[in-house]
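K.L.:
I am attaching a structure below and will ask some questions about it afterwards.
All of the numbers you see were taken from the coordinates with simple rules; none came from a lab. Computed from a predicted structure; not experimentally measured. Cβ: placed from backbone, ideal geometry, glycine included. Neighbour counts: every protein chain shown.
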Amino acid sequence: MHADPDNLETALLDVQLGLRAQTERLQVLWEVNKLLASPWDLQKLFPRISATLRTVLRHEFASFVSHDLATGLLVRQALDFPQGKNLIAAMQVLTRSSPAGLAVEEQSPKSYSKEDLSNLDDEIARAFVSEGIETLCCAPLLRPKGPLGVLVVGSTRRSAFRDGDLKLLSQVAAQLAIAIENHRTALEVQQLRQRLGEERQYLEGNPPQRGIFSGIIGDSAALAKVLDQIDTVATSDAAVMILGETGTGKELVARAIHDSSHRKKGPFIKLNCAAIPLGLLESELFGHERGAFTGAITRKIGRLELADDGTLFLDEVGEIPMELQPKLLRVLQDHEFERLGSTTTRKVNMRLITATNRDLEERIESRQFRRDLFYRLKVFPIRVPALRERREDIPLLVRHFVHKVARRMQRNIELIPKETMKALMDWKWPGNIRELENLIERSVILSEGTVLRVPLEELRIAKSETEVADDQSLVNSEKLHIIRVLRETGGVLSGPNGAAKRLGLKRTTLQSKMERLGITREAYEGESKG
């Protein structure tokens, strides 16, 4: 039998088309490999990688999403979608239920039609549909330690990608995974070399600045005063009360005192008095015997006993209820206590450090805190300045937190724009260092490439909302301060011991302020007589 010439010609044409397609795919892989071998900058490389893929896939959308192995976060690092409506570009952090997230979960390539995307309960999937994407392919970057990210391409054509296209995308994803892993390894080596250089410099006689120890960072005059006080009191066993706003680092100061004392080899036990229900606070402090109360099925050793030969740090000490305060006072005076449900007196040798962000003198006046306990606790007060009082430390703190968070998330942040740093230094930081650290962590997550991108709009909105409240707060603070001084001076305005002298004002100026703030004689005279 003779073969049909038409069938032979068709078969030959199919072979030629298959070879051409295979050649085109091999050419794409070769071109991508050349790009990945060039100086590494994913932001600049990705559009070129996408353009190379486009010669075969004819896609309109492409992106790369990184996967943090430690936190599980999915963050878009690069995007090539020139015809987009910015619906997708606005979404930086992806969820596990997104198309890319599902590819990471299953660790296999996935293809989605418009109907598939519509059926996903995910915001970014809906954004793809709104952008007109009809076909989407997601290829995870797989390595032995886990997926490093996802390579995503999309098209406005239905059924735009065939099996061979998904295979090519997976092959490019594999190339990209190896390149990223190699880049991260090189960065780790570079960081180790840099660290070795810094350590060598330290050994050669250039120690780090004094402000960096026990996690306390800064070299401002306000912080230096605190460090001097730590040096002064650390070697004694005096009770220390640390004062300051929430988020200023009072626990770090307490830890620094302990680590610099002769008790540093002993335990450092801490307790937040505001975090424990009032009914359980006594048991937490003093411990209890089995059967001491309903639910006490075992013996419990309290924090006082655990701190023996060490330091007990009581945060938010102003929240201790009045009925417990005499027992704490006894511990300070006699160094002894009894567990709940026990008649055995136990001796304890520990140092007490307390902290509060409240005005305990006001609580004393309202009979919510014992005056004798207050003076026992406040043998050596240390006031930790608010962050707005040590603005020159903000750049050091920002760099420290960026380095700390970027290292944990395996990110590489190399630049902080000047305008960003200026905005951070201008902000009042009502939440102090804790607020700054949280903002930096969020900024590292949202940053693309090596430049730190801080959501400054959040600060601008917060500033406009708090300006009026801040103005009113300042007026109230000034009024309370003047009333307090008037009470202390018995209502005397002038003279060497008068209120005007203590406030650094002229008598006439003080009288004008009192009239403006509505301070009447009744506001301070009754207290001074009582």
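K.L.:
Cβ contacts < 6 Å: first residue without any contact (Cβ under 8 Å) to a residue 60 or more places away in the chain, restricted to segment 119-145; second residue acidic (D, E), any location; separation 6+ or different chain. Result?
P.N.:
R143/E181
K.L.:
Can you pull out every residue in segment 266-296 that is within 19 Å of R351 (Cα to Cα) and among the polar types (S, T, N, Q)?
P.N.:
N272
K.L.:
Run E361 past the list (1) more than 30 Å from Q325 (Cβ to Cβ); (2) in contact with a Lys or Arg (Cβ under 9 Å, 6 or more places away or on another chain); (3) acidic (D, E); (4) touching a residue at least 12 places away in the same chain (Cβ under 8 Å) and report the number of the one that doesn't hold.
P.N.:
Of everything listed in (1) more than 30 Å from Q325 (Cβ to Cβ); (2) in contact with a Lys or Arg (Cβ under 9 Å, 6 or more places away or on another chain); (3) acidic (D, E); (4) touching a residue at least 12 places away in the same chain (Cβ under 8 Å), E361 misses just condition (1).
K.L.:
So in segment 342-366, with the set limited to residues that are touching a helix residue (DSSP H, G or I) at 6+ places or on another chain (Cβ under 6 Å) and assigned to a strand (DSSP E or B), which one is farthest from G318 (Cα to Cα)?
P.N.:
I353
K.L.:
How many of the residues making up segment 217-226 are crowded, with 19+ Cβ neighbours inside 10 Å and assigned to a helix (DSSP H, G or I)?
P.N.:
Selection size over segment 217-226: 2.
K.L.:
Right, another one. Taking segment 136-166, which residues are among the β-branched types (V, I, T) and over 17 Å from K85 (Cα atoms)? Lay out the reasoning, then the answer.
P.N.:
Quick first cut of segment 136-166, residues among the β-branched types (V, I, T) only: 150, 152-153, 156.
Of everything in segment 136-166, those that are among the β-branched types (V, I, T) and over 17 Å from K85 (Cα atoms) turn out to be V150, V152.
K.L.:
Take the residues of segment 95-140 that are polar (S, T, N, Q) and buried (at least 20 other Cβ atoms within 10 Å of the Cβ): which is nearest to D68 (Cα to Cα)? Outline the logic, then answer.
P.N.:
Here is the first cut: in segment 95-140, the residues polar (S, T, N, Q) are 95, 97-98, 107-108, 111, 113, 118-119, 130, 135.
Subset that is buried (at least 20 other Cβ atoms within 10 Å of the Cβ): 98, 111, 135.
Numbers: S98: 16, S111: 23, T135: 26 Å.
The selected residue is S98.
This table checks each residue for (1) surrounded by fewer than 17 Cβ atoms within 10 Å (Cβ to Cβ); (2) out of contact with any Leu (no Cβ under 7 Å at 6 or more places or on another chain).
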| site | (1), (2) |
| --- | --- |
| G244 | no, yes |
| R263 | no, yes |
| I269 | no, no |
| A274 | yes, yes |
| L278 | yes, yes |
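K.L.:
Next up: For segment 409-424, what are the residues that are among the aliphatic types (A, V, I, L, M) and surrounded by fewer than 16 Cβ atoms within 10 Å (Cβ to Cβ)? Break it down into steps so the answer makes sense when it comes.
P.N.:
Taking segment 409-424 as the starting set, the residues that turn out to be among the aliphatic types (A, V, I, L, M) are 409, 413, 415-416, 421, 423-424.
L415, A423 - these are the residues of segment 409-424 that are among the aliphatic types (A, V, I, L, M) and surrounded by fewer than 16 Cβ atoms within 10 Å (Cβ to Cβ).
K.L.:
Give all pairs with beta carbons closer than 6 Å in which a residue from segment 315-333 that is touching a residue at least 24 places away in the same chain (Cβ under 8 Å) meets a residue that is among the β-branched types (V, I, T); count only pairs at least 6 apart in sequence or on separate chains.
P.N.:
Here the result reads V317/T354; V317/T356; G318/T356, each pair linking segment 315-333 to a residue that is among the β-branched types (V, I, T).
K.L.:
Condition test on T232, is it among the hydroxyl-bearing types (S, T, Y), outside any strand (DSSP E or B) and over 30 Å from the mean Cα position of the chain (by Cα)? It would help to see each step written out before you state the result.
P.N.:
Numbers: among the hydroxyl-bearing types (S, T, Y): yes; outside any strand (DSSP E or B): yes; over 30 Å from the mean Cα position of the chain (by Cα): yes.
In short, yes.
K.L.:
Considering each residue of segment 297-337, count those that are in a loop (DSSP other than H, G, I, E, B) and crowded, with 20+ Cβ neighbours inside 10 Å, and give that number.
P.N.:
Just the residues of segment 297-337 that are in a loop (DSSP other than H, G, I, E, B), to begin with: 297-299, 302, 307-310, 316, 320-324, 335.
Then drop every residue that is not crowded, with 20+ Cβ neighbours inside 10 Å, which leaves 302, 307, 320.
Going through segment 297-337 one residue at a time, the tally reaches 3.
K.L.:
Now a separate question. Output the number of the condition that L352 fails; it satisfies all remaining conditions of (1) in contact with a Ser or Thr (Cβ under 9 Å, 6 or more places away or on another chain); (2) without any contact (Cβ under 8 Å) to a residue 40 or more places away in the chain.
P.N.:
(2)
K.L.:
Give segment 51-86 a look and list any residue that's in contact (Cβ under 8 Å) with a residue 40 or more places away in the chain and aliphatic (A, V, I, L, M), or say none.
P.N.:
L53, V56, L57, A62, V65, L69, A70, L73, L74, V75, A78
K.L.:
Exactly one condition in (1) surrounded by fewer than 18 Cβ atoms within 10 Å (Cβ to Cβ); (2) outside any helix (DSSP H, G or I); (3) in contact with a Lys or Arg (Cβ under 6 Å, 6 or more places away or on another chain) is not met by R388; state its number.
P.N.:
If we test R388 against (1) surrounded by fewer than 18 Cβ atoms within 10 Å (Cβ to Cβ); (2) outside any helix (DSSP H, G or I); (3) in contact with a Lys or Arg (Cβ under 6 Å, 6 or more places away or on another chain), just (2) comes out false.
K.L.:
Consider only pairs whose beta carbons are under 6 Å apart and that are at least six residues apart or on different chains; among these, list those whose first residue lies in segment 255-283 and is in contact (Cβ under 8 Å) with a residue 40 or more places away in the chain and whose second residue is part of a helix (DSSP H, G or I) and not hydrophobic (A, V, I, L, M, F, W, C).
P.N.:
F268/H258; I269/R303; L271/R303; C273/E319; A274/E319
K.L.:
For residues in segment 347-369 being surrounded by 15 or more Cβ atoms within 10 Å (Cβ to Cβ) and touching a strand residue (DSSP E or B) at 6+ places or on another chain (Cβ under 6 Å), which is farthest from R383 (Cα to Cα)?
P.N.:
Going through the qualifying residues, I end up with M350.
K.L.:
Can you name every residue in segment 419-448 that is assigned to a helix (DSSP H, G or I), charged (D, E, K, R) and more than 12 Å from the chain's Cα centre (by Cα)?
P.N.:
First pass over segment 419-448, keeping only residues assigned to a helix (DSSP H, G or I): 419-426, 432-446.
Cutting the leftovers down to charged (D, E, K, R) gives us 419, 422, 426, 434-435, 437, 441-442.
Listed by number, the residues that qualify are E419, K422, D426.
K.L.:
Go through (1) in a loop (DSSP other than H, G, I, E, B); (2) of a type in the set (D, E); (3) under 30 Å from E437 (Cβ atoms) for D237 and report which single condition fails.
P.N.:
All conditions pass for D237, except number (3).
K.L.:
For segment 145-188, give me each residue that is assigned to a helix (DSSP H, G or I), over 27 Å from T71 (Cα atoms) and not aliphatic (A, V, I, L, M).
P.N.:
Those that are assigned to a helix (DSSP H, G or I), over 27 Å from T71 (Cα atoms) and not aliphatic (A, V, I, L, M): D163, G164, D165, K167.
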